[in-house]
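A short worksheet on the structure shown next.
The values are calculated or read from the model by the stated rules, or taken from the named source; none is laboratory data. What you are looking at is a predicted structure, and each value in this text was computed from that prediction instead of being measured. Here Cβ is always computed from backbone atoms with ideal geometry, including for glycine, and neighbour counts include all displayed protein chains. Side chains are part of the model used for accessible areas, which takes the heavy atoms of the whole protein and leaves out ligands, DNA and RNA. Shrake-Rupley method; radii C 1.70, N 1.55, O 1.52, S 1.80 Å.
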Amino acid sequence: MPRVLRFALLSLSVLVVGLVALIFALTWHPAAREPAPLACLAEAPQLQPGQALKVMTWNLQYLAGKRYVFYYDLPDDEGRDERPTPEDLAYSLDEVVRVIREEQPDIVNLQELHEGARATDYQDQLALLHERLADLYPCASQAFYWKAAFVPHPHILGSVGMKLATLSRFRIESAERLQLPLEENDPVSRQFDKKRALLVSYLPIRGGGRLAAINTHLDALPEDQETLKRQLAMTRGLLDQLQSTGLPWILTGDFNQLPPGQYERLSEAQRRRYTRDSELRALWDQYPMIPSVEEAGGAWQAQWYTHYPNDPGVKGPDRTLDYVLHSPSLTRIEARVRQDDTLRISDHLPLVARFFLPSVQ
């Protein structure tokens, strides 16, 4: 082999190895199962058997507010906006704190909180919220599901950091992050993709036993149903395991799935993110869900809409994407979506539910 060719091949090999090393260094590689960061700033009470428990789930859209159409909000990346202003971030933070203080849920599961992201001025949004709410919520757990020092997407060109967070008025004993199956993609792009997860927080109950509070945010994945099926199968497996051991649980979050009857009500453009037959059936066929299929698809379904798309053609909430599922041992008291004064805060609305815990462990 000519010396020039050998040198060229060696140089190419070094370049490829260097590029692989650089991509690995810039991206994040979580374990399949690992402890989740947990902090309790003060002594927190334990849950009591038979007590009422109020839960809220809310996708905060990284405190961006509703004055934008982001590049990912419309089909074919037609949105014009890339980042919110500091003023909008501050306004949304104030409003989220206001709503949570007025509702005072016992457990708050939040999605799409940023930490270290260029698009939100490298804020630690969970720390900002916890600082304002520490008197109500001494305990907080968290888990990233998107993290990279640099993403070479033309609309990003910088760091990303997005996490799930759980705030609790009651003591969290431990928390763990469970990696969900990853979206099918080429090997390079996959390193920069979101790594969806389950954040599981365990709250001890006085007299013995624990409550598992589970938080998640799934992709819609209309063109990758197999990955979504695997994610939901893994989630169902966790719930079945908890159920078999008699551990009460609550699962909440943004599932990005429509209930029956809502797909047909959306415009052709809005349908592109979903399928007619929701994969969420794997969960609602087995466990109680809020809103129920009947509530979310019935005559009063509008009161259960939790998503207000950042689309100039949509003038208000028009679909349900956020849910609370729970073990049959929990008794539902009441539930609602807080719609009246939350339309400017996020593209999602807070869903609130109250239960009675089992009286005997």
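Here is a list: L178, L221. Which entry is at positive phi and among the aliphatic types (A, V, I, L, M)? It would help to see each step written out before you state the result.
Values: L178 fails: at positive phi.
It is L221.
Counting only residues that are touching a helix residue (DSSP H, G or I) at 6+ places or on another chain (Cβ under 8 Å) and crowded, with 22+ Cβ neighbours inside 10 Å, how many does the range 222-238 have? Reasoning before the result, please.
As a first pass, look at the range 222-238 and keep what is touching a helix residue (DSSP H, G or I) at 6+ places or on another chain (Cβ under 8 Å): 229, 232-233, 235-236.
Applying the additional criterion that residues be crowded, with 22+ Cβ neighbours inside 10 Å yields 235.
So the count comes out to 1.
If we keep just the residues of the range 115-132 that are buried (at least 18 other Cβ atoms within 10 Å of the Cβ) and closer than 25 Å to P204 by Cα, which is nearest to the chain's Cα centre (by Cα)?
Taking the candidates together, the pick is L126.
From the list A119, A90, A140, which one is of a type in the set (G, A, S), at pLDDT 95 or above and closer than 24 Å to A212 by Cα? Steps first, please.
Working: A119 fails: closer than 24 Å to A212 by Cα; A90 fails: closer than 24 Å to A212 by Cα.
Only one candidate qualifies: A140.
Go through the range 190-221 and count every residue that is modelled with pLDDT under 90 and in contact with a helix residue (DSSP H, G or I) (Cβ under 9 Å, 6 or more places away or on another chain).
Residues in the range 190-221 being modelled with pLDDT under 90 and in contact with a helix residue (DSSP H, G or I) (Cβ under 9 Å, 6 or more places away or on another chain): 5 in total.
Restricting attention to the range 152-201, and to residues there that are open to solvent by 10 Å² or more (accessible area, probe 1.4 Å) and among the β-branched types (V, I, T), which single residue is nearest to T216 (Cα to Cα)?
Checked the range 152-201; the qualifying residue nearest to T216 (Cα to Cα) is V160.
Among the candidates R319, R281, R344, which residue alone is buried (at least 17 other Cβ atoms within 10 Å of the Cβ) and basic (K, R)?
Details: R281 fails: buried (at least 17 other Cβ atoms within 10 Å of the Cβ); R344 fails: buried (at least 17 other Cβ atoms within 10 Å of the Cβ).
Just one listed residue meets the conditions, R319.
Restricting to the range 35-67, and then to whatever is assigned to a loop (DSSP other than H, G, I, E, B) and open to solvent by less than 20 Å² (accessible area, probe 1.4 Å), can you tell me which residue is farthest from W146 (Cα to Cα)? First the steps, then the outcome.
Residues of the range 35-67 assigned to a loop (DSSP other than H, G, I, E, B): 36-37, 41-46, 48-51, 60, 64-67.
From what's left, open to solvent by less than 20 Å² (accessible area, probe 1.4 Å): 36, 44, 60, 64-65.
Values: A36: 14, A44: 30, L60: 15, A64: 17, G65: 20 Å.
If we take residues in the range 35-67 being assigned to a loop (DSSP other than H, G, I, E, B) and open to solvent by less than 20 Å² (accessible area, probe 1.4 Å), then A44 is farthest from W146 (Cα to Cα).
Select from the range 17-31 the residues that are open to solvent by less than 80 Å² (accessible area, probe 1.4 Å), β-branched (V, I, T) and either over 16 Å from A149 (Cβ atoms) or modelled with pLDDT of 85 or more (or both) and list them in ascending order.
Selection gives T27 alone.
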